[in-house]
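**Q** The structure that follows is given in the form of structure tokens.
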Amino acid sequence: MRIGCCGFGVGIKRYATMFDCVEIQISFYRHIKGTTAEKWKKSVSSEFTFTVKASQLITHPPSSPTYRRSPFKPKDCGHFKDTEEVWDGWQATKNLAEILDAEVIVFQCPPNFHQSDNNIENMVHFFENIDWHRDKAIEFRGKWELESVKRLCTSLGLIDCVDPFKRLPLTSDKAYFRLHGAPPGKKMYNYTYTEDDLSQLAMVCRKFKEGFCMFNNITMVDDARRFKRLQNKNVI
């Protein structure tokens, strides 16, 4: 299980001395220049692995507050709809992932992306028409029946991306964990994981032969380092 963060949190060269993977998260908010991606790639070793968070143009409708941090002024996008803006978002995501030789592209759905015939149809059409033959992970945050999530992930070849403190993934080949700093009863992001939390997480990770465990809270770099030390101790 690879351990890293959603974003560098520190300078990339320093980050790469601590971890062997990172999720590029800024790509959700804006398109990344090819020259920037090439610079990132050259700053790390050949063993370092990138994953990429897909553009919000693919997943989030124009009403989403996430566009406040974005240069986009969208009109018709999100929820995997078959629109020009969605496909522009996909092309930018794919271009970045190809430059970085990314192992996984992560699609984070907004909380208002609930189960419906229309949303399922859009999602199926999108994933059946994208040209990406490496791993794809999807993070559902709306109201979905777990059986439907499992069926869609299986049929479309998607990793069920989850926060393992909320539920376990419904796909078993690989894991992709995004840790948002919000165990039950705690405020999202603004939380530092305890030693008990990390021990519990270690037990979950041992159930999977491979995958990614990405921290995405305010103290993500320190928490990920602590968890990595714990994992190394368990291996020894």
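**Q** From the Cα trace of the stretch 14-141, what convex hull volume per residue do you get, rounded to a whole Å³?
**A** Considering the Cα atoms of the stretch 14-141, their hull volume per residue is 111 Å³.
**Q** What ³J(HN,Hα) values, in whole Hz, does the Karplus curve 6.51 cos²θ - 1.76 cosθ + 1.60 give for the stretch 215-228 when θ = phi - 60°, with x put for Gly and Pro?
**A** 7, 9, 10, 4, 9, 4, 5, 5, 5, 5, 5, 4, 5, 5
**Q** So if R0 is 22 Å, what FRET efficiency would residue 148 and residue 209 give, r being the distance between their Cβ atoms, rounded to the nearest 0.05?
**A** Here the calculated transfer efficiency is 0.25.
**Q** Could I have the simple spin-label model distance between residue 194 and residue 133, label points 7 Å from Cα toward Cβ, reported in nm to one decimal?
**A** The modelled label-to-label distance comes out at 4.8 nm.
**Q** I would also like to ask the following. For Cα extents along the principal axes in Å, the listed values are [x] 50, 42, 32; [y] 60, 46, 31; [z] 70, 48, 30; which was obtained by calculation from the structure presented?
**A** Here Cα extents along the principal axes in Å agrees with entry [x].
Quick note: the coordinates plus some simple rules give every number you see, no bench work behind them. None of the values given here were measured: they were computed from a predicted structure. Every residue, glycine as well, gets a Cβ built from its backbone with ideal geometry; the counts of neighbours run over all protein chains shown.
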